[in-house]
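Worksheet: one structure, shown below.
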Amino acid sequence: MWRINAPFTSVSSSCDSIADMRKVVVTYSSVYGSSRKYAEALAGRIGTTVSDASSPDLSDVDLVVHFGGLYAGTMAGLKRVVGRMPDGSSLYAVSVGIADPCVERNAKAIDDVIWKHIPDGMKDRVRIFHLRGRLDYPAMTARHRAMMWMLCRWIRGRKERSEEDQMVLDTYGSVVDFIDLESLDPLVSAIEAWRQ
Ligand SMILES: Cc1cc2nc3c(=O)[nH]c(=O)nc-3n(C[C@H](O)[C@H](O)[C@H](O)COP(=O)(O)O)c2cc1C
């Protein structure tokens with residue numbers, strides 16, 4: 001699943017050797033490993049380096065592909081990566097969350113979270129992609145478990161429930177895994193097109 005949320009102009013070149021020199025770096029910020037798994041799979045497919053966003057080397061980079069887990073209205077690592085990108089470089093921001101991004105309001109809410117951290121002057125060099133991750137209650141920190149418990153309490157208190165609300169209630173305490181490495185295909189195609 002992927003979405004294009006801003007006009008994006010790629011710099012095309014008829015000279016292959018120059019195109020080959022454009023540097024792509026994959027970064028991730030991942031608490032439970034979903035974003036890391038996607039990031040490593042992508043880096044393997046496109047043949048580039050991958051690193052944790054806590055200390056990324058973004059020197060001379062032309063395109064950063066950042067995978068970040070979604071945590072209650074934030075995308076992990078995004079602010080740090082954006083703050084370290086060289087002038088003129090581009091960003092593919094890839095959200096990894098449990099909400100289904102095929103549901104329009106979910107995608108819009110995630111987009112809003114991401115755009116909040118993108119400076120105006122950079123917006124035309126950003127594309128947003130959405131992927132689905134995994135919830136693993138047995139592996140969760142006590143704080144995260146408590147946050148999910150509060151979310152469930154809030155959902156139970158609502159008059160109407162979406163299918164997704166029900167899924168959150170039904171799966172509380174267990175493992176829910178939506179990771180699908182094939183969902184990287186559109187992102188790989190976009191990077192290949194950018195490299196042309
Ligand atoms: C406390 C908490 C809050 C979360 N908030 C969101 C959210 O706002 N939107 C969403 O789609 N997923 C949310 N998730 C699900 C995570 O984004 C999902 O588990 C993702 O796979 C985490 O990626 P990571 O393992 O790379 O950190 C939340 C999970 C936890 C534990």
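Points worth noting:
- Counting only DSSP H runs of at least 4 residues, each contributing -39500 (n - 2.57), and dividing by the residue count of the chain, the helix-based mean residue ellipticity at 222 nm comes to -11000 deg cm²/dmol.
- Averaging the sequence gap over all C-alpha pairs within less than 8 Å and six or more residues apart, then dividing by the number of residues, gives the chain a relative contact order of 25 percent.
- Average projected area [Cα convex hull, region 135-176], square nanometres: 2.7
- Length added when fully stretched, MET140-LEU181, from 0.36 nm per residue minus Cα-Cα: 12.5 nm
- Taking 0.36 nm per residue of separation and subtracting the Cα-Cα distance, full extension of the segment from ASP57 to TRP149 would add 29.4 nm.
- Equivalent ellipsoid semi-axes - Cα gyration tensor, the chain, angstrom: 32, 17, 15
Every number here is computed from the coordinates shown, using simple stated rules; none is lab data. What you see is a predicted model, and the numbers here were worked out from it, not measured in a lab.
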